[in-house]
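What follows is a short report on a single structure.
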Amino acid sequence: MKKITKQTYLDWYKDMLFWRKFEDKLASVYIQQKVRGFLHLYNGQEAILAGALHAMDLSKDKMITAYRNHVQPIGMGEDPKKVMAELYGKATGTSKGMGGSMHIFSKEFGFYGGHGIVGGQIPLGAGIAFGDKYKGSDAVTLTCFGDGAARQGSLHEAFNMAMLWKLPVIFIVENNGYAMGTSVERTANHTDIWKLGLGYEMPCGPVDAMNPIKVAEAVDEAIQRARRGDGPTFLEMKTYRYRGHSMSDAQHYRTKDEVEEYKKIDPITQILDIIKEKEYATAEEIAAIDKEVKDKVKECEQFAEDSPYPETQQMFDMVYEQEDYPFIK
């Protein structure tokens, strides 16, 4: 695995803080109805993305996930201003304002969505990996989904096929404990989701996903296995979200004390503590990073605010039309 250096910690701190503040701003403008529809935030889960990106080769590896999908494309290289604009439904967005919060997409940077159908991305991720193997590439696809999606039948079909064909895919369940609002304990007679991989003899295991170092190590091992041609891995990222399932979630299923307890192991705070302990940055340098993040979020907001809405004609231009269709005169 690439060495975790002083610069790695500083980059992790800046990136995770930016993702957190970016989504905090989204929550704010959502209340103002500038962002419409549903809004599912990643607050608390940032270590998964930070650690995974450290292990990935962004020149070829890919990622696909569910609708908690705003910061992943940013981490992979997409312009955050375009992501913010997409959430605003503006023409300058990643999908020209046609996808919105739940369907962020960036083929240019290897991010294949943003999928609103629970578990729908699991077989798609296996399919992307099949395509890479078919073409002789050693690229690896990270297929992420929530603990609720782990109960979908599509998972078992994808697991079986991925093992049968030794596909270069890493299945990652981001277990934040509650799916939409029901605890893991109430959805199955077992709480160790990673053990689902045992039925297919798939390498699998749990990961402390509040710590990007642990995530990076686990994902790196899985990527190396896939690149060797040894097939998929299933990782259960044990994490926690500080906000509700979506902005409309009243969170009656958990206490405020529980949330505060998990904030004591906030991945951003953990990394900041290491930076301070090892004296990787002075108080002034940390303050400068904080200001840079704040200014960058403001820039994204201003870009989205100033961007135009798409013209009505765009809806028709983006629908497939076959001019010589023989069955309609």
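Name the residue, out of Y309, Y42, Y253, whose mean-square fluctuation peaks in a Gaussian network model built on the chain with Cα pairs under 10 Å. Between Y309, Y42, Y253, it is Y253 that shows the largest mean-square fluctuation. Based on protein heavy atoms only, the stretch 112-261 ends up with 44 Å² per residue of surface accessible to a 1.4 Å probe.
When a 1.4 Å probe is rolled over the protein heavy atoms, the share of accessible surface on the stretch 110-181 that falls to carbon and sulfur comes to 64 percent.
Distant-in-sequence amide contacts of A91, defined by a placed amide H-H separation under 5 Å and a gap of 5 or more residues or a different chain, comprise Y309.
Distance between the pseudo-spin-label points of T191 and L164 (7 Å out from Cα toward the beta carbon): 3.5 nm.
As a calculated quantity, the FRET efficiency between Q251 and Q322 at R0 = 45 Å, using C-beta atoms, amounts to about 0.40.
Entry note, the chain: the mean residue ellipticity at 222 nm calculated from DSSP H runs of n ≥ 4, each adding -39500 (n - 2.57), is -13500 deg cm²/dmol after division by the residues and rounding to the nearest 500. The mean of 1/r over all pairs of different alpha-carbon atoms in the chain, once inverted, gives a Kirkwood hydrodynamic radius of 20.6 Å. In this rough spin-label picture, where each label sits 7 Å from Cα along the Cβ direction, the K329-T282 distance is 8.3 nm.
Sorting the segments 317-329, 284-296, 145-157 by their mean number of nearby beta carbons within 10 angstrom, highest to lowest, gives 145-157, 284-296, 317-329.
Along the stretch 30-38 the Karplus relation, 6.51 cos²θ - 1.76 cosθ + 1.60 evaluated at θ = phi - 60°, assigns HN-Hα couplings of 5, 4, 7, 6, 7, 10, 10, x, 9 Hz to successive residues, with x for each Gly and Pro. Length gained on full extension, Y134 to E299: 55.2 nm, using 0.36 nm per residue less the C-alpha separation.
Across the stretch 199-264, the relative contact order, built from alpha-carbon pairs under 8 Å that are at least six residues apart, equals 34 percent. Counting only protein heavy atoms and a probe of 1.4 Å, the accessible surface of the stretch 258-297 is 50% carbon and sulfur. Indicate the gyration tensor shape class of the stretch 94-180 (rounded, prolate or oblate), computed on the Cα atoms with a ≥ b ≥ c the square roots of the eigenvalues: a/c under 1.5 is rounded; otherwise a/b larger than b/c is prolate and the rest oblate. Oblate, since a/c reaches 1.5 and b/c is not below a/b.
The values are calculated or read from the model by the stated rules, or taken from the named source; none is laboratory data. Since the structure is predicted, the reported quantities are computational estimates derived from the model, not experimental observations. Methodologically, a virtual Cβ is constructed for each residue, glycine included, from the backbone with ideal geometry; neighbour enumeration extends over all protein chains shown. When the accessible area is computed, the model is the full protein with side chains, heavy atoms only, and any ligands, DNA or RNA have been set aside. Shrake-Rupley method; radii C 1.70, N 1.55, O 1.52, S 1.80 Å.
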